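The values are calculated or read from the model by the stated rules, or taken from the named source; none is laboratory data. All of these numbers come straight from a predicted model, not from anything done at the bench. Methodologically, a virtual Cβ is constructed for each residue, glycine included, from the backbone with ideal geometry; neighbour enumeration extends over all protein chains shown.
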Amino acid sequence: MKIILWATLTANGNYARSTPAHPPKPEALADFAAQVGAIGNFIVGRQTFQEFQSQPRRSAEDAGATFARADIVVVSRSGEVKGPTVVGSAQAAVAHLRERGHAAALLAGGEQLHNAFLAEGLVDELCLNVAPVLEDAGLRLHLPPGGFASLRLLASRDLGGGVLQLRYALAPTPRSGAIA
């Protein structure tokens, strides 16, 4: 199964914050909805899912029927989430979507979940939206100590509003253990 890590980053490489004072860029949200519509699912951590649920809808397209039709898998070792399927690990999320017949999965976040998938060598592609903002020290993608991964640029495109999307393939790595 192909796993695509989708994230919006600031120009200085942090995860872009999503707060009422600094809402997500609408261009990135529209792209996320389009990706979910094309793939039919997404994997997300509990905290990110709950934050997503609590945010006001910005347009009819940013959630609506697209997300209602999607297989949503929340990875959580603690805490109950109502609605979507809840599993306890990255491997269980992948297994669930594979059993449901999906050939690809969109990994939506957050930081701990993204880094867990990277540490387990489960990510095949990165879809990074670079937002035109700078933030103080923040959350980041990272590999385990000593980790290194080569990337190959697949595509780049302007989403509008100053948001640039970069798609990278990760060099093939063993599915067990960290990226070397």
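What to note about this one:
- Top-ranked residue of region 89-115 - restricted to ones that are touching a helix residue (DSSP H, G or I) at 6+ places or on another chain (Cβ under 8 Å), among the hydrophobic types (A, V, I, L, M, F, W, C) and under 18 Å from R77 (Cα atoms), ranked as surrounded by the fewest Cβ atoms within 10 Å (Cβ to Cβ): A90
- Within region 90-121, tally of residues that are part of a loop (DSSP other than H, G, I, E, B), at pLDDT below 95 and either more than 13 Å from the chain's Cα centre (by Cα) or farther than 20 Å from E51 by Cβ (or both): 2
- Residues in region 130-154 that are closer than 13 Å to N14 by Cβ and assigned to a strand (DSSP E or B): V130, A131.
- Region 92-112 residues that are over 20 Å from H142 (Cα atoms), paired with ones that are among the basic types (K, R) (beta carbon under 6 Å, 6 or more apart): A104/K2
Yes/no per residue for (1) within 19 Å of V36 (Cα to Cα); (2) not small (G, A, S):
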residue: L97; (1), (2): yes, yes
residue: R100; (1), (2): yes, yes
residue: A105; (1), (2): yes, no
residue: G109; (1), (2): yes, no
residue: L113; (1), (2): yes, yes
residue: L134; (1), (2): no, yes
residue: R140; (1), (2): no, yes
residue: R152; (1), (2): no, yes
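- So F42, is it touching a helix residue (DSSP H, G or I) at 6+ places or on another chain (Cβ under 6 Å), modelled with pLDDT of 85 or more and of a type in the set (F, W, Y): yes
- Answer residue from region 69-89, given it is modelled with pLDDT of 90 or more and of a type in the set (S, T, Y) and is nearest to G147 (Cα to Cα) among those: S89
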